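The values are calculated or read from the model by the stated rules, or taken from the named source; none is laboratory data. Values in this document were obtained by computation on a predicted structure and should not be read as measured data. All Cβ positions, even for glycine, are placed from backbone atoms using ideal geometry, and neighbour counts span all protein chains on display. The area values use the complete protein model at the heavy-atom level, side chains included, leaving out ligands, DNA and RNA. Shrake-Rupley method; radii C 1.70, N 1.55, O 1.52, S 1.80 Å.
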Amino acid sequence: MKKIISLILCLATIFSLSISTFAAETKFTTSNPELQTVLNKIDPQYIEEYNSLSPSEKNVRLHEISNTYTTPGEVLSESDSAFILLNRYETEYTPQTQAGASSQWYDVYKTQYGVTVNLYGNMRQDIAYIAGSSRFGGTATAWIKSGSVSKVGLRIYHTAYGLIGTSAPFVGVLYNGSVSMSKSGNNTTTKMDKEKDYGSILPLYTTMYASGTITTSSGDQFTITSDTWTEWH
């Protein structure tokens, strides 16, 4: 029995060491040559940190980064850049990774200041694979189910992140913008369908979300927002 326990402990130690070695010496193979170059330059420490995170923790980190860097030209920290690159590599061959056209439906409700509103629509984007003209936009409808309003504003936000060089920290904000409209009056529905083009080079991922700003007849104001849609490219 003692020999069996010793053998199990020995195997566990070897397995643990193997994981650490793999985390520090992972060899990346990707079809994108620019991405390949920067992946090979990532500090092994960041690879180990990334591999220690659970899927839910990675998702939380991704949203934190997306909400932190929004100014065009802004450069991510080296650790955040490494996380983005590793997450991009991990999801390269999954259905969520794609260049070209894609869309996402949203449908949210909110009640405040005596007004109940349903915000729904379709966010869409057409992202250049390596370089070129990208497009984003979509539809948004604010349906006032109850209460009285004096003005409704609709907006769809879009941020694109991509490679900015082959030296750390690698990743920056390529574009940050929105399409929007507003309409005054006590309207039951307010609708928008707009698109905008912009130039992008080596995009890694994009984030989008929709929002409505509701001004009540008494002058109070509140915002309703959809979940953030993240798409890898």
**Study point:** Selection count, the stretch 30-71, where residues are outside any loop (DSSP other than H, G, I, E, B), open to solvent by 50 Å² or more (accessible area, probe 1.4 Å) and either among the β-branched types (Val, Ile, Thr) or closer than 14 Å to Thr91 by Cα (or both)
**Key:** 6
Practice item. Evaluate the following for Ser150: is it surrounded by fewer than 22 Cβ atoms within 10 Å (Cβ to Cβ) and among the hydroxyl-bearing types (Ser, Thr, Tyr)? Key: yes
Review point. Which condition number in (1) modelled with pLDDT under 95; (2) open to solvent by 50 Å² or more (accessible area, probe 1.4 Å) is the one that Leu163 fails?
Key: (2)
Review point. Do we find a residue being in contact (Cβ under 8 Å) with a residue 40 or more places away in the chain, open to solvent by less than 30 Å² (accessible area, probe 1.4 Å) and outside any strand (DSSP E or B) anywhere in the stretch 183-190?
Key: no
Point to revise | Hits in the stretch 166-179 (condition: assigned to a loop (DSSP other than H, G, I, E, B) and buried (at least 22 other Cβ atoms within 10 Å of the Cβ)) | key: Phe170
Exercise for review: Check whether at least one residue in the stretch 17-24 is assigned to a helix (DSSP H, G or I), closer than 20 Å to Ala168 by Cβ, open to solvent by less than 80 Å² (accessible area, probe 1.4 Å) and modelled with pLDDT under 70, and report yes or no.
Suggested key: yes
Check your understanding: Looking at the stretch 75-90, which of its residues are outside any helix (DSSP H, G or I) and either closer than 17 Å to Asn59 by Cβ or open to solvent by less than 60 Å² (accessible area, probe 1.4 Å) (or both)?
Key -> Leu76, Ser77
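Conditions tested, residue by residue: (1) touching an Asp or Glu at 6+ places or on another chain (Cβ under 8 Å); (2) of a type outside the set (Ser, Thr, Tyr); (3) part of a strand (DSSP E or B).
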residue	(1), (2), (3)
Phe136	yes, yes, yes
Thr139	yes, no, yes
Lys145	no, yes, yes
Thr159	no, no, yes
Asp193	no, yes, yes
Exercise for review: For Lys196, work out the one condition from (1) within 21 Å of Gly73 (Cβ to Cβ); (2) buried (at least 18 other Cβ atoms within 10 Å of the Cβ) it doesn't fulfil.
Suggested key: (2)
Exercise for review: Assess whether Ser134 counts as being of a type outside the set (Lys, Arg) and open to solvent by 20 Å² or more (accessible area, probe 1.4 Å).
Suggested key: no
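Could you identify the single residue in Leu62, Leu76 that is among the hydrophobic types (A, V, I, L, M, F, W, C), modelled with pLDDT of 90 or more and within 22 Å of Glu231 (Cα to Cα)?
Leu76
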Review point. Any idea which residue in the stretch 199-233 is farthest from Ile144 (Cα to Cα), counting only those that are among the charged types (D, E, K, R) and surrounded by fewer than 16 Cβ atoms within 10 Å (Cβ to Cβ)?
Key: Asp227
